[in-house]
1. Can you tell me which residue is nearest to the chain's Cα centre (by Cα) among those in segment 57-86 that are surrounded by 11 or more Cβ atoms within 10 Å (Cβ to Cβ) and over 20 Å from residue 16 (Cα atoms)?
2. In the list 56, 52, 65, which residue meets the criterion of being assigned to a helix (DSSP H, G or I) and touching a residue at least 24 places away in the same chain (Cβ under 8 Å)?
3. Given 25, 42, 21, which one is farther than 30 Å from residue 85 by Cα, modelled with pLDDT under 95 and in contact with a helix residue (DSSP H, G or I) (Cβ under 7 Å, 6 or more places away or on another chain)?
């Protein structure tokens, strides 16, 4: 594989991997917020003082998760640069068999 093709393959793989990796921690945060968000007044117009305190704590945790996830993603991409990546593509195989005698389109043999 020539250098340009290798570069395209690597970029494609990094893009796909980045999207899947990011989706892991973003989807987890989204689920956590939708399940436990009422504790810190998530999507509420007038949160209580207790909810505001918990919201501040949640924002710190959320920021840590996002920063750590992005740091790990950059480390993963860097690790990938140490490997040769080859894309074999998608492969489809159609099997053709003898047609058995049966009714034609009019339902007759």
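The values are calculated or read from the model by the stated rules, or taken from the named source; none is laboratory data. As the structure is a computational prediction, the values presented were derived from the model and not from experiment. Note that each Cβ is placed from the backbone with ideal geometry, even for glycine, and that neighbours are counted across all protein chains shown.
1. Out of the qualifying residues, it is 65.
2. Values: 56 fails: touching a residue at least 24 places away in the same chain (Cβ under 8 Å); 52 fails: touching a residue at least 24 places away in the same chain (Cβ under 8 Å).
That would be 65, the only listed residue that is assigned to a helix (DSSP H, G or I) and touching a residue at least 24 places away in the same chain (Cβ under 8 Å).
3. 42
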